[in-house]
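**Student:** My questions all concern the structure below.
Nothing in this text is a laboratory measurement; each read-out follows from the coordinates by a stated rule. All figures in this text were calculated on a predicted structure; none of them were measured in a lab. Using ideal geometry, Cβ is built from the backbone for each residue, glycine included, and neighbour counts are taken over all protein chains shown.
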Amino acid sequence: MVYRLTGRYVTDWALNASTLYFDLTTNRWWDRMLGYLGVAEEQLPRLQSSGEVVGTIDAAAAKVLGLSPDTQWS
């Protein structure tokens, strides 16, 4: 939903605890597991905390929803 509205791949730290490639002690992607899986951190969504603004709504989505393109999404 975030991607469809803002065009950005973002996820909340709390949603990734069960993925086994998120390090709870550092709140970052777990480099060792990513290396084991052959996945680069750049392939994963940006991590941020709940309630933090992701960006503004894409102009096309804003038009469909009847919102201002300046509407912030978090």
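**Student:** Taking the stretch 29-48 as the region of interest, how many residues are touching a strand residue (DSSP E or B) at 6+ places or on another chain (Cβ under 9 Å) and closer than 16 Å to residue 3 by Cα? Steps first, please.
**Tutor:** From the stretch 29-48, those touching a strand residue (DSSP E or B) at 6+ places or on another chain (Cβ under 9 Å) are 29-33, 39, 41, 44-48; that's our starting set.
Still in the list and also closer than 16 Å to residue 3 by Cα: 44-48.
Final tally of qualifying residues: 5.
**Student:** How many residues are surrounded by 12 or more Cβ atoms within 10 Å (Cβ to Cβ), of a type in the set (Val, Ile, Thr) and not in a loop (DSSP other than H, G, I, E, B) if we restrict to the stretch 35-65?
**Tutor:** Residues in the stretch 35-65 being surrounded by 12 or more Cβ atoms within 10 Å (Cβ to Cβ), of a type in the set (Val, Ile, Thr) and not in a loop (DSSP other than H, G, I, E, B): 1 in total.
**Student:** Hey, any hits in the stretch 22-34 for a residue that's under 12 Å from the mean Cα position of the chain (by Cα) and either part of a loop (DSSP other than H, G, I, E, B) or surrounded by 12 or more Cβ atoms within 10 Å (Cβ to Cβ) (or both)?
**Tutor:** Restricting attention to the stretch 22-34, the residues satisfying the condition of being under 12 Å from the mean Cα position of the chain (by Cα) are none.
Checking the stretch 22-34: not a single residue is under 12 Å from the mean Cα position of the chain (by Cα) and either part of a loop (DSSP other than H, G, I, E, B) or surrounded by 12 or more Cβ atoms within 10 Å (Cβ to Cβ) (or both).
**Student:** Which residue pairs have Cβ atoms under 6 Å apart, sit 6 or more places apart or on different chains, and have a first residue in the stretch 10-37 that is under 18 Å from residue 52 (Cα atoms) and in contact (Cβ under 8 Å) with a residue 24 or more places away in the chain and a second that is surrounded by 15 or more Cβ atoms within 10 Å (Cβ to Cβ) and β-branched (Val, Ile, Thr)?
**Tutor:** Cβ pairs passing all conditions: 10/2; 10/54.
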